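The values are calculated or read from the model by the stated rules, or taken from the named source; none is laboratory data. Only a predicted model underlies this, so the values are computations on that prediction, with no experimental measurement involved. Every residue, glycine as well, gets a Cβ built from its backbone with ideal geometry; the counts of neighbours run over all protein chains shown. With ligands, DNA and RNA removed, areas are computed over all heavy atoms of the protein, side chains included. Shrake-Rupley method; radii C 1.70, N 1.55, O 1.52, S 1.80 Å.
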Amino acid sequence: MAEIAREAGELLRTYFRGAWFVPESAGNAATEADRHVRIEYKGDVDLVTVADRRSEALIVERIRQRWPGHDILGEEGTRTSSGSEYQWYVDPLDGTTNFAHGYPVFCVSLGLARAGELIAGVIFDPVRDELFAAEQGSGAWLNQRRISVSPTPSLGESLLGTGFPSQKRHKNPNIHFYQRLTLRSHGVRRAGSAALDLACVACGRYDGFWEFNLNPWDTAAGVVLVREAGGIVTDFQGGPFDLASREVCASNRHIHAALLHEFKQVFEGKDLEPLPSPARRTP
Ligand code: IPD
Ligand code: CA
Ligand code: CA
């Protein structure tokens, strides 16, 4: 899995350009024609590029070469269901919006389940050359070193991550959670790659992460990493995480109850901070 993720990540890097460089010939500012990779739209603000598709094609080819009987669910359209007990979850480029704008936060994410249970996950960040890998019962690793979730004891001392979906953004309630948790932690980051967010919980860069409406290819690998690094992953009520439930809350365990408490308060509409109005603005 690690070899496949690395190969796909290297492919992504060949398409990536992290700045609008001024073309040498003209000496003028860059124009839309200089964009390194053309953006297409799957939805309103749901982007896809040739890099997403090529990466998925490569990953699927490699899986089929080595494990022809395994089933695969890939974000860019791969669906095989032969009834194999092995099921892959493939996100060939997690963080497409970042990638397309040249913001260097994106990765390849490969999760594997056997008989419905997640058993392995690999996330490769080609920008930092960081390979996160975990196998059920064997721990979690970043490159060649064992990793662990953070020991941060309280929500008030934590750094958190979250994300906002690329579809139906106007219907998403996450802004209320974002606001509440920003006021009760060291901060909430929104980096734009759910798989890397989970990897950040697994290695202790974040103490917790939550998001609504993710898909199995976003979460499968990261969930194995967090569990194997000693963390916990649940739904927003504290029930077991389910790939199909589209609710994910991951943490270092120590802050989990406090996170769930804050979610409950928001769901019940309690203590909502009033939105600022111009009249109440302080100088
Ligand atoms: C997206 C990223 C993002 C999350 C979105 C996902 P994609 O995946 O993981 O962080 O907030 O919900 O759709 O489309 O870049 O593979
Ligand atoms: Ca994704
Ligand atoms: Ca993707």
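Evaluate the range 107-115: report whether one residue or more is away from ligand 1 (no atom under 14 Å from the Cβ), touching a residue at least 24 places away in the same chain (Cβ under 8 Å) and not in a strand (DSSP E or B). Walk me through how you get there before you give the answer.
Just the residues of the range 107-115 that are away from ligand 1 (no atom under 14 Å from the Cβ), to begin with: 112-115.
Next, only the ones that are touching a residue at least 24 places away in the same chain (Cβ under 8 Å) stay: 112-115.
Of the ones still in play, those that are also not in a strand (DSSP E or B) are 115.
Yes, the range 107-115 has at least one match.
Would you check which residues across the range 97-118 are surrounded by fewer than 21 Cβ atoms within 10 Å (Cβ to Cβ) and under 16 Å from residue 131 (Cα atoms) and list them?
Answer for the range 97-118, where residues must be surrounded by fewer than 21 Cβ atoms within 10 Å (Cβ to Cβ) and under 16 Å from residue 131 (Cα atoms): 104, 105.
If I ask for residues that are assigned to a loop (DSSP other than H, G, I, E, B) and within 23 Å of residue 193 (Cβ to Cβ), which ones from the range 116-135 would you list? Spell out the reasoning first.
Here is the first cut: in the range 116-135, the ones assigned to a loop (DSSP other than H, G, I, E, B) are 116, 126-129.
Within the range 116-135, 126, 127, 128, 129 meet the criteria.
Among (1) more than 10 Å from ligand 1 (Cβ to nearest atom); (2) under 30 Å from residue 79 (Cα atoms); (3) surrounded by fewer than 23 Cβ atoms within 10 Å (Cβ to Cβ), where does residue 186 come up short?
Exception for residue 186: condition (2).
Kindly provide the set of residues from the range 1-19 that are modelled with pLDDT of 95 or more and in a helix (DSSP H, G or I), ordered by number. Explain how you work it out, then say what you get.
Within the range 1-19, the subset modelled with pLDDT of 95 or more is 1-13.
Result: 2, 3, 4, 5, 6, 7, 8, 9, 10, 11, 12, 13.
Determine, yes or no, whether residue 59 is of a type in the set (A, V, I, L, M), within 16 Å of ligand 3 (Cβ to nearest atom) and either out of contact with any Gly (no Cβ under 9 Å at 6 or more places or on another chain) or open to solvent by less than 60 Å² (accessible area, probe 1.4 Å) (or both).
Details: of a type in the set (A, V, I, L, M): yes; within 16 Å of ligand 3 (Cβ to nearest atom): yes; either out of contact with any Gly (no Cβ under 9 Å at 6 or more places or on another chain) or open to solvent by less than 60 Å² (accessible area, probe 1.4 Å) (or both): yes.
It is true that residue 59 is of a type in the set (A, V, I, L, M), within 16 Å of ligand 3 (Cβ to nearest atom) and either out of contact with any Gly (no Cβ under 9 Å at 6 or more places or on another chain) or open to solvent by less than 60 Å² (accessible area, probe 1.4 Å) (or both).
Which one of these is within 16 Å of ligand 3 (Cβ to nearest atom), of a type in the set (S, T, N, Q), surrounded by 15 or more Cβ atoms within 10 Å (Cβ to Cβ) and farther than 20 Å from residue 5 by Cα: 213, 174? Before you say what the answer is, go through the steps one by one.
Values: 174 fails: within 16 Å of ligand 3 (Cβ to nearest atom).
Only one candidate qualifies: 213.
Can you tell me how many residues within the range 68-99 are β-branched (Val, Ile, Thr) and within 14 Å of ligand 3 (Cβ to nearest atom)? Step through it out loud before you land on a result.
Within the range 68-99, the first condition is being β-branched (Val, Ile, Thr), and the residues that meet it are 72, 78, 80, 90, 96-97.
So of that shortlist, the ones also within 14 Å of ligand 3 (Cβ to nearest atom) come out as 78, 90, 96-97.
Result for the range 68-99: 4.
Does the range 135-142 contain at least one residue that is open to solvent by less than 20 Å² (accessible area, probe 1.4 Å) and on the phi > 0 side of the Ramachandran plot? It would help to see each step written out before you state the result.
Within the range 135-142, the first condition is being open to solvent by less than 20 Å² (accessible area, probe 1.4 Å), and the residues that meet it are 139-140.
In the following step, the residues that additionally are on the phi > 0 side of the Ramachandran plot were identified as 139.
Checking the range 135-142: at least one residue is open to solvent by less than 20 Å² (accessible area, probe 1.4 Å) and on the phi > 0 side of the Ramachandran plot.
Is it the case that residue 250 is modelled with pLDDT of 95 or more, part of a helix (DSSP H, G or I) and surrounded by 15 or more Cβ atoms within 10 Å (Cβ to Cβ)? Reasoning before the result, please.
Numbers: modelled with pLDDT of 95 or more: yes; part of a helix (DSSP H, G or I): no; surrounded by 15 or more Cβ atoms within 10 Å (Cβ to Cβ): yes.
In short, no.
Quick grid of which residues meet (1) of a type in the set (A, V, I, L, M); (2) in contact (Cβ under 8 Å) with a residue 24 or more places away in the chain; (3) within 16 Å of ligand 1 (Cβ to nearest atom):
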site	(1), (2), (3)
23	no, no, no
30	yes, no, no
35	no, no, no
39	yes, yes, yes
44	no, yes, yes
59	yes, yes, yes
78	no, no, yes
82	no, no, no
86	no, yes, no
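Tell me which residues, restricted to the range 44-101, are at pLDDT 95 or above, part of a loop (DSSP other than H, G, I, E, B) and more than 20 Å from the chain's Cα centre (by Cα).
Residues satisfying the conditions are 67, 68, 69, 70, 84, 85.
Name the residues in the range 141-176 that are out of contact with any Pro (no Cβ under 9 Å at 6 or more places or on another chain), at pLDDT below 95 and either under 19 Å from residue 193 (Cβ atoms) or outside any helix (DSSP H, G or I) (or both), would you?
Matches in the range 141-176: 144, 164, 165, 166, 167, 168, 169, 173.
Is it the case that residue 13 is out of contact with any Phe, Trp or Tyr (no Cβ under 6 Å at 6 or more places or on another chain), in contact (Cβ under 8 Å) with a residue 60 or more places away in the chain and open to solvent by 40 Å² or more (accessible area, probe 1.4 Å)? First the steps, then the outcome.
Numbers: out of contact with any Phe, Trp or Tyr (no Cβ under 6 Å at 6 or more places or on another chain): yes; in contact (Cβ under 8 Å) with a residue 60 or more places away in the chain: yes; open to solvent by 40 Å² or more (accessible area, probe 1.4 Å): yes.
Yes; evaluated as a whole, the condition is true for this residue.
If you take the residues of the range 71-103 that are among the polar types (S, T, N, Q) and within 15 Å of ligand 2 (Cβ to nearest atom), which of them is farthest from residue 124 (Cα to Cα)?
Step one: filter the range 71-103 for residues among the polar types (S, T, N, Q), giving 78, 80-82, 84, 87, 96-98.
Then drop every residue that is not within 15 Å of ligand 2 (Cβ to nearest atom), which leaves 78, 96-98.
Details: 78: 20, 96: 14, 97: 17, 98: 15 Å.
Filtering the range 71-103 for residues that are among the polar types (S, T, N, Q) and within 15 Å of ligand 2 (Cβ to nearest atom), the one farthest from residue 124 (Cα to Cα) comes out as 78.
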